[in-house]
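In what follows, a single structure is set out as structure tokens and then discussed.
The values are calculated or read from the model by the stated rules, or taken from the named source; none is laboratory data. Everything quoted here is computed from the prediction, not taken from an experiment. For neighbour counting, all protein chains shown are included, and Cβ atoms are generated from backbone atoms with ideal geometry for every residue, glycine included.
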Amino acid sequence: MEQSNWQNLRAASRGSIQSLIVTVKALLYARLWGGKFTFVPGDNIYVATGMRGGFARGGTTIGGVFLTRRVPSSALLRHEAIHADQWARYGLTFPVRYFWEEVRNPHAKNKFEIEAGLRDGGYSQ
């Protein structure tokens, strides 16, 4: 891998080893679903577009990768970059934490969505 690719992976995973592993697996997963990915330097996140499925709602962030069908807006990318931060902060426990929070406080009441910015995420308040 080129040095810039390693730098992008490190930036997308926010220096977290757990997030790095998840990010690499998410990129492979995106390929399996027909996704084509690019790295967005300002938000330090990969965006996998053109996916046939394999994500929830309008898209899902796994590690430092946003999986979706269409090219997202800059506001949505800001929102998803914060979810990448959350992956780095909580590591492999993040999906469990997110799911539990979603069960107790769905959608716009989910503390992880609130932290990521409800308006940027397209939630009506």
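Taking into account only those residues within the stretch 8-19 that are more than 12 Å from the chain's Cα centre (by Cα) and assigned to a helix (DSSP H, G or I), which is surrounded by the fewest Cβ atoms within 10 Å (Cβ to Cβ)? Only one residue fits best here, namely I17.
Residues that are over 8 Å from the mean Cα position of the chain (by Cα) and in a helix (DSSP H, G or I) within the stretch 60-81 comprise S74, A75, L76, L77, R78, H79, listed in sequence order.
Among the residues of the stretch 27-49, what is the count of those that are loosely packed, with under 13 Cβ neighbours inside 10 Å, touching a Gly at 6+ places or on another chain (Cβ under 8 Å) and touching a residue at least 24 places away in the same chain (Cβ under 8 Å)? Residues that pass the stated criteria total 0.
Can you pull out every residue in the stretch 105-125 that is at pLDDT 95 or above, of a type outside the set (D, E, K, R) and outside any loop (DSSP other than H, G, I, E, B)?
Taking the stretch 105-125 as the starting set, the residues that turn out to be at pLDDT 95 or above are 105-106, 108-121.
Cutting the leftovers down to of a type outside the set (D, E, K, R) gives us 105-106, 108, 110, 112, 114, 116-118, 121.
Those that are at pLDDT 95 or above, of a type outside the set (D, E, K, R) and outside any loop (DSSP other than H, G, I, E, B): A108, F112, I114, A116.
Residues of the stretch 56-80 that are of a type in the set (A, V, I, L, M, F, W, C) and modelled with pLDDT of 95 or more: I62, V65, F66, L67, V71, A75, L76, L77.
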